[in-house]
Amino acid sequence: MLGHDDPTVIRMLQDLTGVDPKTIPLDDKETMAIFSSTESLGLRPEQIDSKVRNFWSA
């Protein structure tokens, strides 16, 4: 199931944002920061009702 959901969600995000996921730099510091904090998105955790956990420092 997971193998079918991921491409579908990525395509939905592409359609909603207009951003081609193949152009997102995976070695960019700000890109990777979204997985450990909401700061680079300009959001506070309370705004999205979720905390982001830093998996790399665990």
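A Förster radius of 30 Å, combined with the Cβ-Cβ distance separating Ile10 from Arg44, puts the computed FRET efficiency at roughly 0.70. Per-residue 3J(HN,Hα) values for region 12-20, derived from phi via the Karplus relation 6.51 cos²θ - 1.76 cosθ + 1.60 with θ = phi - 60°, read 4, 5, 4, 5, 6, 9, x, 9, 6 Hz in sequence order (x marks Gly and Pro).
Read-outs throughout are calculated quantities, based only on the coordinates presented, and are distinct from any laboratory measurement. Only a predicted model underlies this, so the values are computations on that prediction, with no experimental measurement involved. We place every Cβ from the backbone using ideal geometry, glycine too, and count neighbours over all the protein chains shown.
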